[in-house]
Every structure is written in structure tokens, then in C-alpha cells.
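Right, one structure below, let's go through it.
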Amino acid sequence: MKMERRSEPEEASGRWFPYLDLCRVGSASLTSREVIKVLEPYILDARKERMKRVVNNRSYSVSLVVEGLADFGNVSAAFRSADALGIQSVHAISSDNRKRYKDNRHVSMGAEKWLDIELWKSPKECFQALRMRGYRIAATHLGDDTVSTTYIFKTFFPFLCSYVQCRHA
């Protein structure tokens, strides 16, 4: 069974979600409600509650993009952190051997199985797609003229400051 992926939107209207409500099972097509209705009698109540809790804690509202990380252990660590924080959508920008980001299972501890990983050849290509989906772009870079992440949160994500402790750096 596999969910059908949405093609790129014309322009974002509301929140981006990459899947259509359509599951393919062989030649049949079912909505998520139909799949749940068929499977629900066979799932223990405790398992159903856990599944609901996990789904409710996943988000496409924020997306992680990594670029220029030569050490794939760092990429995998970033993916694990995204998974732990409930960030469902992650992106890797690389012009060489793009498959390596998905297949670093030893370091990522399997997090890539649960994430939607998209691979891009250039930042421009990635950012264009993210903007079409309605995302705003905030970037970090470690350098001599670096600004604090507190500034980024307060400027771009003020609504998060009530959840994340935003202090002056």
C-alpha cells in the first residue's frame, strides 16, 4: 500500500501536504478513511491511541534543509533531530551522489524511514519549490558575521516564542 504523492502545486493556498488522500493497493484505490475503516477492527485500542498521538505530533509547518554537509553523520544527526521534533519534511541539497543522504541507515538509526526526504541539486531549485508550497525561508550559517538564532525566531517565527524560550542573545 502506498500513498499517492501530490505533484508540485501551482501556488500555495493554505498549508502544504505532499500526499493526496489516495492509497493504492494493487489495482484498487482507497481513501485514508476507507483504509482505517477496514483495519480498525484489527488494531488494539492502545495501538490506535499511540498512532493518533504520533500523527498529531508530526508537522509539515516547518521543514529542515541541509546543504554542504560533507560528513553524512551530521546529515543523519540532523534528520534524527527533525524526526524527534516532529518535523516530517526534510530536504538535502547536493550536486553529487544524491542517494547517499537516504541510505545512511547506521547513523540515522532508521529515522529516514519515517521522514519525507527530498533531494535537490541546487539551493535555488529547493527554495523555489518550498516557496511555491508556502514556506518562508530562514537560513543559518556559522561565520564571523553570524546573527543569533534568537533573532531569527523573533523576526520570522514570533508565534513560536511562546513555546520556545526566546531570550536576548
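I need every pair where a residue in region 26-55 that is in the same structural domain as R5 (by TED's automatic domain parsing) has its Cβ under 9 Å from the Cβ of a residue that is outside any helix (DSSP H, G or I) and among the basic types (K, R), sequence separation at least 6 or different chains.
Pairs found: L30/R24.
Each row is one residue, and each column tells you yes or no for (1) in the same structural domain as V65 (by TED's automatic domain parsing); (2) exposed (fewer than 13 other Cβ atoms within 10 Å of the Cβ); (3) of a type in the set (A, V, I, L, M, F, W, C); (4) modelled with pLDDT of 90 or more.
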position: N104; (1), (2), (3), (4): yes, no, no, no
position: V107; (1), (2), (3), (4): yes, no, yes, no
position: E112; (1), (2), (3), (4): yes, no, no, no
position: S122; (1), (2), (3), (4): yes, yes, no, yes
position: F127; (1), (2), (3), (4): yes, no, yes, yes
position: R131; (1), (2), (3), (4): yes, no, no, yes
position: T149; (1), (2), (3), (4): no, no, no, no
position: F153; (1), (2), (3), (4): no, no, yes, no
position: F156; (1), (2), (3), (4): no, yes, yes, no
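The values are calculated or read from the model by the stated rules, or taken from the named source; none is laboratory data. What you are looking at is a predicted structure, and each value in this text was computed from that prediction instead of being measured. Note that each Cβ is placed from the backbone with ideal geometry, even for glycine, and that neighbours are counted across all protein chains shown.
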